[in-house]
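Right, one structure below, let's go through it.
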Amino acid sequence: MNLQEYFKRIGLQGSFDKPDLETLKLIHKQHVMSVPFENLSMHCGERHILDLEFTFNKIVRSGRGGWCLENNSLFGWVLREMGYNTTRLSSRVFNSSTNEFSPIDSHLIHKVVVDGKAYIADVAFGVSFQIWEPMELVSGKDQHQAAGVFRFIDKGENDRIQSASGLDLQRGHLQTRGRCRYLRPENIEAEEKEQVLLEKFNIKLQNELQIVSNKTWYTL
């Protein structure tokens with residue numbers, strides 16, 4: 001595993017030796033725009049392994065995407081290799097049907113400190129309000145990005161911070177509002193699925209996609 005392979009995967013050239021905010025924003029955005037959020041492995045009979053080298057080979061060398069833990073595990077390795085002061089954080093997903101956060105930690109993000117300021121990095125939430133750049137961890141500040149305007153709001157007594165994009169920080173956990181889901185294309189022929197994956201995401205699978213329904217929780 002090496003950084004130059006990763007940089008090539010997300011469409012960057014250069015060494016990026018300085019772990020500054022400008023570079024952090026650049027690689028964060030390039031990862032979001034270049035690596036799809038996908039859980040296709042479970043739908044085509046592939047092994048699903050949370051191992052860094054396995055994930056690197058899958059995403060970087062095989063040109064695939066990944067789900068939240070895969071993408072953010074890889075991104076965390078990149079940050080550490082580049083010399084950033086980063087801390088891995090567990091997080092919880094908001095269920096809009098119950099209006100509650102999940103009882104367990106099921107999402108991975110990173111806190112990155114640059115020049116004394118803390119930022120939240122998350123390259124793989126997989127919904128429409130995915131942040132493209134890291135968010136500075138301060139309350140009440142509108143943070144403009146290409147994807148929209150985001151902010152953290154201090155809720156006072158509950159020690160809770162909420163952003164316009166749905167991010168919550170409560171009791172030491174950064175909680176993310178949204179749901180990661182697989183859209184089931186039952187009426188699409190196999191050849192059309194393959195064509196869409198190749199044209200839209202540059203993904204070519206070794207096995208045919210199969211619809212599965214396996215609802216399981218996982219804990220960080």
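Taken together, the values in this text are just the output of simple stated rules run on the coordinates, not laboratory data. These numbers were taken from a predicted model, which means no experiment stands behind them. Virtual Cβ from ideal backbone geometry, glycine too; neighbours counted across all protein chains shown.
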Taking the Cα centre of the stretch 12-81 as origin, work out the dipole magnitude from +1 charges on Lys and Arg Cβ and -1 charges on Asp and Glu Cβ, in debye rounded to 20.
120
Roughly how many nanometres apart are two label points built 7 Å out from the Cα toward the Cβ at ILE104 and ALA146?
3.6
What trypsin sites (Lys or Arg not before Pro) does the stretch 1-98 have in DSSP loop regions with at most 13 other beta carbons within 10 Å?
ARG47
